[in-house]
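Taken together, the values in this text are just the output of simple stated rules run on the coordinates, not laboratory data. It should be emphasised that the depicted structure is a prediction, and the values quoted were computed from it without experimental measurement. Neighbour counts run over all protein chains shown; Cβ positions are idealised from the backbone, glycine included.
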Amino acid sequence: MTATSTEFIPVADPLAQIRRLKKEISTAVNAVLDSGQYILGQAVTRFEADFAGYNGNRHAIGVASGTDALILALRAIGLRSGDQVITVSHTAVATVAAIEMAGCVPVMVDIDPVSRCMDPQQLSMRIGPRTRAIVPVHIYGQPAAMHAIMSVARRHGLKVIEDCAQAHGAQIGNQKVGTFGDVGAFSFYPTKNLGAIGDGGIVVTDDPKLAEQTLTLREYGWKERYISHVPGMNSRLDELQAAVLRVKLGLLNGWNARRREIAAAYTRALEHTNIKSPADLEGTLHAMHLFVVETDRRKVFRKYLEENGIGTALHYPMPVHRQPAYYRHHQDGAQLPETEALYRKIVTLPLYPELTDAQVARICQVLAGWGKNRRDI
Ligand SMILES: *Cc1c(COP(=O)(O)O)cnc(C)c1O
């Protein structure tokens, strides 16, 4: 075996991408340094226009993080303290934290076990007199059933905020996520499909009023400088982050295609094992942010991969309704049987566009070898 064939492959490797783009990023960062404008300058304005164009939205407003993008979107649609917002428990805690931070009450519903996203049927069943909005999450890069969710929302007069933090470039038909609901929220956390070198996020919408309201809220409620019209906050996308993101945006489609190519190779390698690969749902283009398999033998499977130099992770080890900060909203886990069943079985494998063909081949070989000559599975 050569040295490279035994090197440990981590579950994520944001430095690998930065290394390849060092020159372009340095140029972009230097341009910001020389501009003398470090807050809401040209880099942010240009990136907002680029991202709106890429995603097919009329407006895009850069903000400080994906969590803030959700908070600002919830506030922009005019939700009031005590309003209920329906989302899922099988998500990053940020989704539910944002709903609480916006002063609303999160109501968590179950997922569809195939897409692992919000189950539209469960959504309909949990709508009550205080329900005001819905936050579907395109988890792992798999688009949620937006057509069904939107028809429920329209029937009940509810607003929809798409949590697109894991799904940059994901599509239903030829329409990108973030264009189905009233508003979409993206994160640029470094390991996301489009990642900054720090925190960042963006709100997208076609509604000029929502765009204006978000713009106002991100900077103290200002319409003109120093005059607050509504109580706002400071949540601006950083000029440096915007400059880096502009360099990367042009590469996103190619990266996503590479992610799907690697995912297809893993799925083939796992075909004759007892490990379940993510579903490939007809009519949707998966952004393959995370490749999450299911197994009843999680502990042993993770150990097997670790021993073969392959890192894994859990997204997430505990659904939000079970976490100490949030379980008061949902004492009854029995209402979420699919969420309860799924979280014990999931394992995330390394998946990022910078994985080399040799690394992918090695991972595939190890995956296909699971269950061969092993008594313990
Ligand atoms: C990452 C993430 C967020 C939060 O984004 P931050 O930029 O880290 O604040 C929200 N929702 C989901 C589903 C995420 O994966």
Cα pair count fraction exceeding 30 Å, expressed as % - the chain:
40
Calculated P(r) of region 246-335 - Cα pairs past 21 Å, %
52
About its Cα centre, the chain carries a charge dipole, from +1 on Lys and Arg Cβ atoms and -1 on Asp and Glu Cβ atoms, whose size in debye to the nearest 20 is 380
Report the chymotrypsin sites (Phe, Trp or Tyr not before Pro) located in region 186-253 that are in a DSSP loop and have at most 11 other Cβ atoms inside 10 Å of their Cβ, or state none.
Tyr226
Can you grab the distance from the C-alpha centre of region 176-244 to the C-alpha centre of region 16-84, Å, no decimals?
6
Can you put Ser187, Ser35 in order of Cβ neighbours within 10 angstrom, beginning with the fewest?
Ser35, Ser187
When Rg is the radius of gyration of the Cα atoms in region 139-228 and Rh is its Kirkwood radius, what does Rg/Rh come to?
1.03
Setting aside same-chain residues fewer than 8 positions from Lys22, which aspartates and glutamates have a Cα under 16 Å from its Cα?
Asp13, Glu354
Low-density loop trypsin sites (Lys or Arg not before Pro), region 156-245, at most 13 other Cβ within 10 Å, DSSP non-H/G/I/E/B, are Lys223, Arg225
Quick one: what Rg and Dmax do you get for region 63-161 from the alpha carbons, in Å?
12.3, 35
Past the 18 Å Cα-Cα mark, which pairs from Lys192/Lys345; Lys192/Lys276; Lys303/Lys345; Lys159/Lys192?
Lys192/Lys345; Lys192/Lys276; Lys159/Lys192
Mind checking which lysines have their C-alpha under 22 Å from Lys223, skipping anything on the same chain fewer than 8 residues away?
Lys209
In Å, the C-alpha Rg and Dmax of region 164-288 are 18.3, 64
Order by neighbour count: Leu123, Leu215, fewest other Cβ atoms within 10 Å first, most last.
Leu215, Leu123
For a quick check, take a GNM of the chain with Cα springs below 10 Å and name the residue from Ile202, Ile39, Ile227 with the largest mean-square fluctuation.
Ile227
Contact order relative to length for the chain, counting C-alpha pairs under 8 Å separated by 6 or more residues, stands in percent at 22
